[in-house]
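This report refers to the structure that appears directly beneath it.
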Amino acid sequence: MEINGVEIKDNYAEAFGIKVTRLLVTAATKKLAKVAATEATGYGTSVIGCPAEAGIDCYMPPTETPDGRPGYVIMICNGSKKKLDHELLERVGMCILTAPTTAVFNLLDDEDDLLKTGFKLKFFGDGYEETLEIAGRKMHAIPIMSGDFLVEDKFGYKDGVAGGNFFIIADSKMSGLIAAEVAVDAIAAVPKVITPFPGGMVASGSKVGCNSYEFLDASTNEKMCISLKEKGMESNIREDAHGVFEIVIDGADEESVRAAMKAGIEAACTVDGVLEIDAGNFGGNLGAYKINLQDLF
């Protein structure tokens with residue numbers, strides 16, 4: 001199968017289940033909202049080593065937010081409810097409460113099992129906190145130096161999908177990089193997904209386990225490393241390829257991850273120098289979701 005002359009390999013991306021929450025961070029200006037959203041989603045690339053996978057989903061204009069101010073939707077993901085609860089408390093408390101003029105709203109309020117993040121954070125107010133209502137939502141107003149920090153009482157979470165992915169194989173590093181950037185831009189238009197790695201791109205694709213060191217649970221994917229291929233080592237990279245980038249996608253559901261993969265692949269295939277699109281999997285040992293690349297089209 002080909003798109004614009006780019007081969008789409010008959011291979012699948014192996015994704016896994018994860019707990020997902022979606023929050024709306026608003027502020028007095030679009031810039032301040034983005035700063036707070038960015039801080040709250042830091043150190044969130046992969047649960048291999050990070051305490052969560054996190055990223056910015058989309059911008060929400062004032063006409064669509066509960067308080068009529070600009071905001072950004074963020075997603076924070078973790079493998080268990082307990083760990084997600086901990087991450088929300090720390091990230092909202094340390095990265096958004098501390099940011100100027102912010103408020104935080106829950107975007108998964110249909111869920112029955114809610115996390116009491118806002119209720120716990122209200123105690124920072126030292127008894128001076130107040131409870132109020134905004135657009136039918138129970139909020140806590142916590143006095144801080146710049147005014148009141150507003151946070152919704154509870155946050156919902158749901159079962160999501162992490163690790164949707166595809167590899168961009170290109171004739172040069174720059175061709176691959178341009179294609180990866182174009183792919184990430186296209187995925188940004190798909191709702192309910194994030195690309196949690198830096199700039200949305202994975203430079204350091206890994207494998208489960210390690211060949212040389214027993215104490216590592218994950219290590220470099222040596223058969224997809226350009227420099228090792230050029231040293232003559234066994235490789236899964238075609239001879240004429242000199243650039244490899246991976247895009248990893250987390251989503252609120254499998255349908256959203258599939259839509260994001262499709263959009264990203266189609267965009268990458270418009271770039272000159274892209275040779276093929278492949279995917280990463282672990283032989284079914286990592287997760288329950290197997291998303292075949294060719295089935296996306």
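The values are calculated or read from the model by the stated rules, or taken from the named source; none is laboratory data. What you are looking at is a predicted structure, and each value in this text was computed from that prediction instead of being measured. What goes into the accessible areas is simple: the full protein's heavy atoms, side chains included, and nothing from ligands, DNA or RNA. Shrake-Rupley method; radii C 1.70, N 1.55, O 1.52, S 1.80 Å.
Jot down the per residue volume, in cubic angstrom and as a whole number, of the convex hull over the alpha-carbon atoms of the stretch 1-120.
Per residue, the Cα convex hull of the stretch 1-120 comes to 161 Å³.
State the three equivalent ellipsoid semi-axes of the stretch 74-180, derived from the C-alpha gyration tensor as the square roots of 5 times its eigenvalues, in descending order and whole Å.
Sorted largest first and rounded, they come to 35, 18, 12 Å.
Over the Cα atoms, compute the radius of gyration (one decimal) and Dmax (the largest Cα-Cα distance, rounded to a whole number) for the stretch 95-134, in Å.
Both quantities, over Cα of the stretch 95-134: 11.7, 31 Å.
Tell me, rounded to the nearest percent, the portion of alpha carbon pairs in the stretch 138-297 spaced more than 20 Å apart.
Taking all Cα-Cα pairs of the stretch 138-297, the fraction more than 20 Å apart is 57 percent.
Could you check how many percent of all C-alpha pairs in the chain are farther apart than 27 Å?
Result for the distance tail: 44 percent.
Show me the helices of the chain, taken as full DSSP H stretches, that run 20 Å or more along their long axis by Cα and average 0.0 or above in Kyte-Doolittle hydropathy.
For the chain, where a helix must reach 20 Å along its axis and average at least 0.0, the hits are 173-187.
Would you compute, from DSSP H runs of 4+ residues alone, the mean residue ellipticity of the chain at 222 nm, taking -39500 (n - 2.57) per run and dividing by the full residue count, rounded to the nearest 500?
Counting only the DSSP helices, I get -6000 deg cm²/dmol.
Quick one: grab the alpha carbon gyration tensor of the stretch 172-239, order the square roots of its eigenvalues as a ≥ b ≥ c, and give me rounded if a/c is under 1.5, else prolate or oblate depending on whether a/b is larger than b/c.
oblate
With all protein chains present, how much of the accessible area of the stretch 42-182 (probe radius 1.4 Å) comes from carbon and sulfur, to the nearest whole percent?
The nonpolar share, carbon plus sulfur, comes to 55 percent.
Quick check: from the Cα gyration tensor, does the stretch 195-234 come out rounded (a/c under 1.5), prolate or oblate?
oblate
Rg(Cα) of the stretch 122-220 divided by 2.2 N^0.38 Å?
Taking N as the residue count of the stretch 122-220, the ratio is 1.74.
If you take every DSSP beta bridge fully contained in the chain, what fraction is antiparallel? Give it as a percent rounded to 5.
Restricted to the chain, the bridges split so that about 95 percent are antiparallel.
For the stretch 216-233, in order, what is each residue's ³J(HN,Hα) by Karplus, 6.51 cos²θ - 1.76 cosθ + 1.60 with θ = phi - 60°, in whole Hz (x at glycine and Pro)?
9, 8, 8, 7, 4, 7, 4, 7, 10, 9, 4, 5, 6, 4, 6, 8, x, 7
For Cα pairs less than 8 Å apart in space and 6+ apart in sequence, what is the mean separation divided by the residue count of the stretch 208-297, i.e. the relative contact order in percent?
RCO, the stretch 208-297: 17 percent.
Take every Cα pair under 8 Å in the chain that's 6+ residues apart, average their separations, divide by the length, and report that relative contact order as a whole percent.
Across the chain, relative contact order equals 27 percent.
For q = 0.16, 0.21 Å⁻¹, what log10 I(q)/I(0) does the stretch 1-58 give under the Debye formula with an equal point scatterer on each alpha carbon and no solvent?
So the normalised log intensities are -0.71, -0.85.
Could you work out the relative contact order of the stretch 1-94, using alpha carbon pairs under 8 angstrom and six or more residues apart, expressed as a whole percent?
Relative contact order, the stretch 1-94: 30 percent.
Could you tell me whether the stretch 241-291 comes out rounded, prolate or oblate from its Cα gyration tensor? Rule is a ≥ b ≥ c as square roots of the eigenvalues, rounded for a/c under 1.5, then prolate if a/b exceeds b/c, otherwise oblate.
oblate
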